[in-house]
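The structure appears below as structure tokens.
The values are calculated or read from the model by the stated rules, or taken from the named source; none is laboratory data. Everything numeric here is computed off the predicted structure, so don't read it as measured data. FYI the Cβ positions are ideal-geometry reconstructions off the backbone, even for glycines, and counts take in every protein chain you see. For accessibility, only protein heavy atoms count, side chains too; no ligands or nucleic acids. Shrake-Rupley method; radii C 1.70, N 1.55, O 1.52, S 1.80 Å.
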Amino acid sequence: MQKMIKKYFALFALPTLIAFTVAFVVPFVLGIYLSFTEFTTVTDARWVGLDNYVKAFKDPDFLKALWFTAKFTVVSVVSINVLAFLLALLLTKKVLGTNVFRTIFFMPNLIGGIVLGYIWQLIINGILYQFDVTLTSDPKYGFWGLVVLMNWQLIGYMMIIYIAGIQNVPKEQLEAAKIDGATSGTILRKIILPLVMPSITICLFLTISNSFKLFDQNLALTAGAPSKQTTMLALDIFNTFYSKAGFEGVGQAKAVMFFIMVALIVVIQLGITRRREIEN
Amino acid sequence: MKKFNRVLSLLLVASLVFIAACGNNNDKNGGSTSSGGAESIYFLNFKPEIATVYEQIAKDYEAETGVKVKVVTAAAGTYETRLKSEMAKSEAPTIFQINGPIGYNAWKDYTLDLKDTKLYSYLSDPSLAVTDGDGVYGIPYVVEGYGIIYNNAIMENYFALPNKATGVSSMEEVNNFDTLKAVVEDMQANADALGIKGVFASTSLSAGEQWRWQTHLANIPLFYEFNDIGGYDSTVLAGLEADEIKFTYGNNFKNIFDLYINNSTVKPTLLGSKSVADSMAEFALGQAAMVQNGNWAWNQIAEVGGNVVNQEDIKFLPIYTGVAGEETQGLAIGTENYLAINSKASEAKQQASVAFLEWLFSSDKGKAYVTNDLGFIAPFNTFTDEEKPADPLAAEVMEWMNKDTTAVVWTFAAFPSEDFKNDFGDALLEYAQGSKTWEEVSAVVVESWKNEKAK
């Protein structure tokens, strides 16, 4: 069997490889190439060198969006992970109906971003109407609206990952600690946290990259209003690409920088949290 | 391990089958389109509200001539997005739409010169076309008009009010901003007696719903500003040449905009959540007496369930802003819909595309579709006076065209970019919400024009 697999490896791997090339490698390389060109449609491009990157950096909207995104990411990553972890702790205790609660908390994750954005727009506007304001009245409403939305959507998912991690903590160690007289706070800090480090790595990775790349929810909830003050990076890139003739290349350049940024942040994060993981 | 291997090989085989299936599919598609050759053309439609009519037309045309017309409609507000991706395909649209000189600039590598076509010769006023040097690259296919749409039934109720504070007793007398303001403010004060929530339907300012203000209303002051610059054939040309604007008539814009937002169905601070559809629904349900929009809005009014507005009560009023001599100002009439032919399509397809358009705008069958189903006021000399659309707003537009008034030219064809309009709209939203003063709005408009022109 093993030999067979070796023999036919190339043949079997080929379809997947082709799919990967067509759906990922080609668009990716083409995307990088296009960021150095001026084009209307992707098939007719004219080389302009670094021009697009210069324009992108000169664009105040881009830097504003970067700052807004960074703030959003910090707030939502912290809140999502803390809340998800607490929920996971709660739902691994022997409480009646944990399964029902797990399912309910997980469900928001099954709804698409655009739909979620519009639902929350209705909810938040419904409340703000009482005070004669709307989501667009002040950028801070949009900011916190996005944070709430993102929490609501991602907490359930992260919770499931944390639950899996917590359930993997060996019962013997917990019992031994208890017999040695460790308080539940100590158990949490010295035993559970170090042992769920792999889950934390994954959850941080998912929340950071998702918050940074947020697009649908941003578009549906505020679309950047008022005056682009709640525009996140992905939306800014989209707007650059489509709302100005001749700026397609600049949008592309922004997208390439965006990719490098996200990749860098995530790699650093993975490096840091990986080091803290211990072999179980 | 053995089990894992089995699963793995199963997966790989499955993906192989999947890929093969995809490949097959592609072949099929490729086969049918390439064998179609010149016998198939592709029209990317701009107007979602009449998409089904176009499909019917395509079916009829194919039955008559054997040429297959593929009609694809872009969802509202996504035409440029759609066009960009469709144009990159090997089966690109052969007929598409540009929105005037600025749109032509973005697509000039793709537009065919149409000066020798019959279609161009059909134009009742050839100067309407988008031209560049000797070439003709965009043919307008519909003339539209916008202004303040009002419900005459509510106006009659107002004129009959015993305690009205103005001396105005018919809409004929409303021919300048001051009169309009007096009437509107008095109506707002008597809103309960008139059974309305507000005089104007909500001024929709949510994202993507601002075009009635940052494009159409913005057109009025800039039309006057460019009109003051001498030496150009039209305000559009003057606007295209202007690297900077002064927004001289900005206060006139403020006049009417203030009137809209302060005498409305909703408070100004809530406008950020309102859409055009909300606004048209308020008008159709009789909650508002007036709404700024164009003749294309008739469908939207007619389709609202529980519509209480009678067809014969719907009338147009020009947008008065307090400019001297505006008593003779008419509706804003023009077009932003120009048909272009893809110059990168094959010669045969180009011919077939032109033939289709000529059929649509000159054969009896085609013209019947245009007048009755598409509801276009077509700017072609192939249409007789009887062949005009019957909906009340289109009829009103034609009536205003024949009145002794000067139409406001659609000068927004000269606006530098979508970004300029969006900056304008965003500033208006902040003004309505009270977070920007009018001076700041003016500054944004002037600044944004300059920046967008410099790019």
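Tabulated results
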| item | result |
| --- | --- |
| Single residue of A:PHE62, A:PHE20, A:PHE68 found to be farther than 21 Å from A:ILE265 by Cβ, assigned to a helix (DSSP H, G or I) and at pLDDT 85 or above | A:PHE20 |
| The one condition in (1) free of Cβ contacts under 8 Å to residues at least 40 places away in the same chain; (2) not assigned by TED's automatic domain parsing to the domain that holds B:ASP109 that B:ASN372 fails to fulfil | (2) |
| Members of region A:234-280 found to be open to solvent by 40 Å² or more (accessible area, probe 1.4 Å) and more than 17 Å from the chain's Cα centre (by Cα), listed by number | A:PHE238, A:ASN239, A:TYR242, A:ALA245, A:ILE272, A:ARG274, A:ARG275, A:ARG276, A:GLU277, A:ILE278, A:GLU279, A:ASN280 |
| A:TRP144, sole failed condition from (1) aromatic (Phe, Trp, Tyr); (2) under 14 Å from B:SER206 (Cβ atoms); (3) away from chain B (no Cβ under 12 Å) | (2) |
| Residue in region A:177-196 that is within 14 Å of another protein chain (Cβ to nearest Cβ) and either more than 16 Å from the chain's Cα centre (by Cα) or over 25 Å from A:ARG102 (Cα atoms) (or both) present | no |
| Search result, residues across region A:129-176 that are hydrophobic (A, V, I, L, M, F, W, C), modelled with pLDDT under 90 and surrounded by 17 or more Cβ atoms within 10 Å (Cβ to Cβ) | A:VAL133, A:LEU135, A:VAL169 |
| Checking B:ASN293 against (1) more than 23 Å from B:GLU185 (Cα to Cα); (2) in a strand (DSSP E or B), the condition it does not meet | (1) |
| Test: residue in region B:32-49 that is modelled with pLDDT of 85 or more, of a type in the set (Val, Ile, Thr) and under 22 Å from the mean Cα position of the chain (by Cα) | no |
| Number of positions in region A:122-141 that are among the β-branched types (Val, Ile, Thr) and more than 7 Å from chain B (Cβ to nearest Cβ) | 3 |
| Filter result (of a type in the set (Lys, Arg) and more than 14 Å from every other protein chain (Cβ to nearest Cβ)) within region A:237-275 | A:LYS254, A:ARG274, A:ARG275 |
| Qualifying residue in region B:227-247 (condition: within 14 Å of another protein chain (Cβ to nearest Cβ), in contact (Cβ under 8 Å) with a residue 24 or more places away in the chain and small (Gly, Ala, Ser)) | no |
| Checking B:ASP404 against (1) outside any helix (DSSP H, G or I); (2) within 14 Å of chain A (Cβ to nearest Cβ); (3) surrounded by fewer than 19 Cβ atoms within 10 Å (Cβ to Cβ), the condition it does not meet | (2) |
| Of residues in region B:81-128 being more than 14 Å from chain A (Cβ to nearest Cβ) and among the charged types (D, E, K, R), the one most open to solvent (accessible area, probe 1.4 Å) | B:ASP116 |
| Where a residue in region A:9-23 is open to solvent by 90 Å² or more (accessible area, probe 1.4 Å) and its partner, wherever it lies, is of a type outside the set (Phe, Trp, Tyr) and at pLDDT 90 or above, with Cβ under 6 Å and at least six apart | none |
| All positions within region B:51-66 that are surrounded by 19 or more Cβ atoms within 10 Å (Cβ to Cβ) and either closer than 28 Å to B:TRP211 by Cβ or in contact with an Asp or Glu (Cβ under 8 Å, 6 or more places away or on another chain) (or both) | B:TYR54, B:ILE57 |
| Enumeration of residues in region A:28-38 that are open to solvent by less than 80 Å² (accessible area, probe 1.4 Å) and either within 12 Å of chain B (Cβ to nearest Cβ) or among the hydroxyl-bearing types (Ser, Thr, Tyr) (or both) | A:LEU30, A:LEU34, A:SER35, A:THR37, A:GLU38 |
| Selection count where residues are surrounded by 15 or more Cβ atoms within 10 Å (Cβ to Cβ) and either polar (S, T, N, Q) or without any contact (Cβ under 8 Å) to a residue 60 or more places away in the chain (or both), scope region A:73-105 | 7 |
| Neighbours by Cβ (under 6 Å, 6+ apart or cross-chain): first from region A:231-258, in the same structural domain as A:PRO60 (by TED's automatic domain parsing) and at pLDDT below 90; second of a type in the set (Asp, Glu) and open to solvent by less than 20 Å² (accessible area, probe 1.4 Å) | A:PHE241/A:GLU248; A:SER243/B:ASP419; A:LYS244/B:ASP419 |
| Some residue of region B:411-425 being hydrophobic (A, V, I, L, M, F, W, C), touching a strand residue (DSSP E or B) at 6+ places or on another chain (Cβ under 6 Å), within 24 Å of B:GLY77 (Cβ to Cβ) and more than 14 Å from chain A (Cβ to nearest Cβ) | no |
| Residue check, B:VAL184 outside the structural domain of B:ASN372 (by TED's automatic domain parsing), open to solvent by less than 10 Å² (accessible area, probe 1.4 Å) and closer than 30 Å to B:ASN255 by Cα | yes |
| Members of region B:68-80 that are within 11 Å of chain A (Cβ to nearest Cβ) and either open to solvent by 30 Å² or more (accessible area, probe 1.4 Å) or at pLDDT 90 or above (or both) | B:GLY77, B:THR78, B:GLU80 |
| Conditions (1) buried (at least 17 other Cβ atoms within 10 Å of the Cβ); (2) within 14 Å of chain A (Cβ to nearest Cβ): number failed by B:LEU222 | (2) |
| Members of region A:237-280 that are acidic (Asp, Glu) and either within 27 Å of B:LYS108 (Cβ to Cβ) or in contact with a strand residue (DSSP E or B) (Cβ under 9 Å, 6 or more places away or on another chain) (or both) | A:GLU248 |
| Of the criteria (1) buried (at least 22 other Cβ atoms within 10 Å of the Cβ); (2) modelled with pLDDT under 90, which one A:ALA182 fails | (1) |
| Residue list for region A:212-249, restricted to those being within 22 Å of B:PHE420 (Cβ to Cβ), assigned to a loop (DSSP other than H, G, I, E, B) and not hydrophobic (A, V, I, L, M, F, W, C) | A:THR222, A:GLY224, A:PRO226, A:SER227, A:LYS228, A:GLN229, A:THR230, A:THR231, A:LYS244, A:GLY246 |
| The lone exception for B:ALA394 - which of (1) more than 14 Å from chain A (Cβ to nearest Cβ); (2) open to solvent by 10 Å² or more (accessible area, probe 1.4 Å); (3) within 24 Å of B:TRP296 (Cα to Cα); (4) touching a Lys or Arg at 6+ places or on another chain (Cβ under 8 Å) it fails | (2) |
| Residue that is in contact (Cβ under 8 Å) with a residue 60 or more places away in the chain and within 30 Å of B:VAL130 (Cβ to Cβ), where the choices are B:GLY286, B:GLY250, B:GLY272 | B:GLY250 |
